[in-house]
Amino acid sequence: RVDALGLDFAVLSPVKLTSSHPGETPLGWETFNTLIDGVNTPIYALGGLSADDLKDAWAYGAVGTAMLRGAW
């Protein structure tokens, strides 16, 4: 469905536990990958990530990571 929106990119979150959304259950990398499988729109991973997660993000199909606290 995301491809039908004609977006330049999308963000899927939360991949991991994040203090900004403490009540949310994180997707985890396997579910993240399942949700973006077959999607042509570039997807960025977000949620509880740091620079150390970039290689995992690529391995599970994300084009990159988006982060707030993990970058500062």
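Bear in mind these aren't lab numbers, they're just calculated from the coordinates by the rules spelled out. Small disclaimer: the values here were computed from a predicted structure and weren't measured. Note that we place each Cβ from the backbone using ideal geometry, even for glycine, and neighbour counts take in every protein chain shown.
Structure values in brief
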| quantity | calculated |
| --- | --- |
| FRET efficiency, Glu24 to Asp3 (Cβ-Cβ, R0 25 Å, nearest 0.05) | 0.50 |
| Calculated [θ] (222 nm, deg cm²/dmol) that DSSP helices of n ≥ 4 give over the chain, each run adding -39,500 (n - 2.57) | -5500 deg cm²/dmol |
| Projected label distance in nm at Val39 and Asp52, using a 7 Å step from Cα toward the beta-carbon | 2.6 nm |
